[in-house]
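Here the structure is laid out as structure tokens; the discussion comes afterwards.
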Amino acid sequence: MKIGGFTNLFEKILGVFAFGFVLFPKFAPLFFIVLITVVLSGIIKKEVSFQLNVISSLFLLFYFCYLIGIIFTSDINAGVFELEKKLSFVIFPLLLSLKFKKIWSLNLSYIGFITGTFLITLYGISLVLKSGWEADWKDFSYLSSAISPIHHPSYLAAYLTISAAFAFIGWREKLPFFSLSWIIPFTIFVIVIHGFLHSLSGTLFLLIAIFTFLLIWLRNKFRRPIFYTIIILIPLLGIIGLNTIPNIQSDWKDATSNVIEYSKNPKGFVENSDRSLSSSSTRIILWTAAFQIFYKHPFGIGTGNMDEFMEKELIILKQKELTKQNFNPHNQFLQTAVEIGFFGLLVFFAILFSSIYYGLKYKNYLLIFISSNLLFNSLFESMLQRQSGIVFYCFWLCLLSLYLFSHEIKKVKIS
């Protein structure tokens, strides 16, 4: 196999993987095997060489923290299951730590992911239309998880938003097949679907992303007085949107009222078990329970022990009903801190902020965007507790860091 032949094959396999794990997550092990085979063949034939980078090394260290945590588990089966789920923290850093002899492209990876995300969303819409037709349109079956039956709505919201970012970056870099004739309608599609996914964190991040991009564009387009006037108006439009869009409006009002109530009387809020708990109030109680566990165990409770400790803490907080639903903390920072302690949390922060740092330094905007998406969503969900998040974020952060260390840094050194 020639060097050029390997590079072309590698690009195609990345595109297949980016497409496949979104649309067919149950076949992810098969996609892993194919990717591993291709990379190993390239290393054996010396078409590429192995070379770790900072971000990949941090992912390996992150997994090592979970590996150490297994020593303290009280349920070895649960601990081993957690380690199996997080094997992506080892596989991707090792597979995507390469030194190439030829320039390569992410074009097929972008196309594969965008196509997979679009098709899986259409699949959800088709199921909604079918169920709505059978129910004679008497309910709102198209909302939330109904439109996202394979991935949790928060993950699909992230996939859609990042797909739109890929599309615009592909157009900006003048990659083949990236045209505004489909990018603009696709972006509108992404925005509309967010209204049905019922993911407050996903919608908030989308609004922040739109605001940031508009800010950059307006800064280059208008003079300062007009620019600052528009800066004031855009957040107002966002607030109006949050208070007028159905479903998002109710979530937003519920969240703000619960935060105000909790700030006035934290103990009374948490222990009021007679109240019908909404999504936001449940999260506040879970965050409180997780923080209390971390306060008692700053070095972590061990890998796989989360359910046991959360159940005990919720009982102490007089929330026995919540123990029946086996909730995780719904916050990745608390999830990490509780399981593998303060050091593990530092490693997680290091992954996020090193990705943002290198993205800013070498103007790799997608690396900034995806790490920021993970950071933001981790405030409201345990994003690295499902394969939908583990595979997705680890794959793209490792792949983009590989691209950065293979291309952008070399360009800066040459210039």
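The values are calculated or read from the model by the stated rules, or taken from the named source; none is laboratory data. Bear in mind that the values here come from a model prediction, so they are computed numbers and not experimental data. With ideal geometry, Cβ positions are generated from the backbone for all residues, glycine too; neighbour counts draw on all protein chains shown. These accessible areas exclude ligands, DNA and RNA; they are computed on the full protein's heavy atoms, side chains included. Shrake-Rupley method; radii C 1.70, N 1.55, O 1.52, S 1.80 Å.
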Inspect all residues belonging to region 68-76 and state whether any of them is surrounded by 20 or more Cβ atoms within 10 Å (Cβ to Cβ), in contact (Cβ under 8 Å) with a residue 24 or more places away in the chain and outside any helix (DSSP H, G or I). yes
Please work out if Phe353 is at negative phi and in contact (Cβ under 8 Å) with a residue 24 or more places away in the chain. no
With (1) open to solvent by less than 80 Å² (accessible area, probe 1.4 Å); (2) touching a residue at least 40 places away in the same chain (Cβ under 8 Å) as the list, and Pro185 as the residue in question, which single condition is left unmet? (2)
Under 8 Å by Cβ, and 6 or more places apart or on different chains, what pairs join a residue from region 24-37 that is in contact (Cβ under 8 Å) with a residue 12 or more places away in the chain with one that is among the polar types (S, T, N, Q)? Pro25/Gln387; Pro25/Ser388; Ala28/Gln387
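Condition check ((1) open to solvent by 50 Å² or more (accessible area, probe 1.4 Å); (2) at pLDDT 75 or above; (3) under 26 Å from Arg386 (Cα atoms); (4) out of contact with any Asp or Glu (no Cβ under 8 Å at 6 or more places or on another chain)) across all residues:
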residue	(1), (2), (3), (4)
Asp251	no, no, yes, yes
Ser257	yes, no, no, yes
Lys264	yes, no, no, yes
Lys267	yes, no, no, yes
Tyr295	yes, yes, yes, yes
Met306	no, yes, yes, no
For region 154-182, pairs from a residue that is on the phi > 0 side of the Ramachandran plot to a residue that is open to solvent by 10 Å² or more (accessible area, probe 1.4 Å) and in a helix (DSSP H, G or I), with Cβ under 8 Å and 6 or more apart or across chains, are Phe177/Asn107; Phe177/Ile111
Among the residues of region 1-14, the number that are open to solvent by 10 Å² or more (accessible area, probe 1.4 Å), in contact with a helix residue (DSSP H, G or I) (Cβ under 8 Å, 6 or more places away or on another chain) and either in a helix (DSSP H, G or I) or without any contact (Cβ under 8 Å) to a residue 40 or more places away in the chain (or both) is 4
Members of region 1-60 found to be out of contact with any Ser or Thr (no Cβ under 8 Å at 6 or more places or on another chain), within 30 Å of Ser154 (Cβ to Cβ) and among the small types (Gly, Ala, Ser), listed by number: Gly20, Ala28, Ser57
Among the numbered criteria (1) under 25 Å from Glu381 (Cα atoms); (2) open to solvent by 40 Å² or more (accessible area, probe 1.4 Å); (3) at pLDDT 80 or above; (4) not polar (S, T, N, Q), which single criterion is violated by Phe168? (1)
When you look at Gln335, is it at pLDDT 90 or above, surrounded by fewer than 20 Cβ atoms within 10 Å (Cβ to Cβ) and at negative phi, yes or no? no
Output the residues belonging to region 338-389 that are among the polar types (S, T, N, Q) and either crowded, with 20+ Cβ neighbours inside 10 Å or assigned to a loop (DSSP other than H, G, I, E, B) (or both). Ser355, Asn364, Ser371, Asn373, Asn377, Ser378, Ser382, Gln385, Ser388
Exclusive hit being more than 25 Å from the chain's Cα centre (by Cα) and touching a residue at least 12 places away in the same chain (Cβ under 8 Å), set Ile91, Ile103: Ile103
Regarding region 47-55, can at least one residue be identified that is open to solvent by 30 Å² or more (accessible area, probe 1.4 Å), hydrophobic (A, V, I, L, M, F, W, C), at pLDDT below 95 and touching a Lys or Arg at 6+ places or on another chain (Cβ under 9 Å)? yes
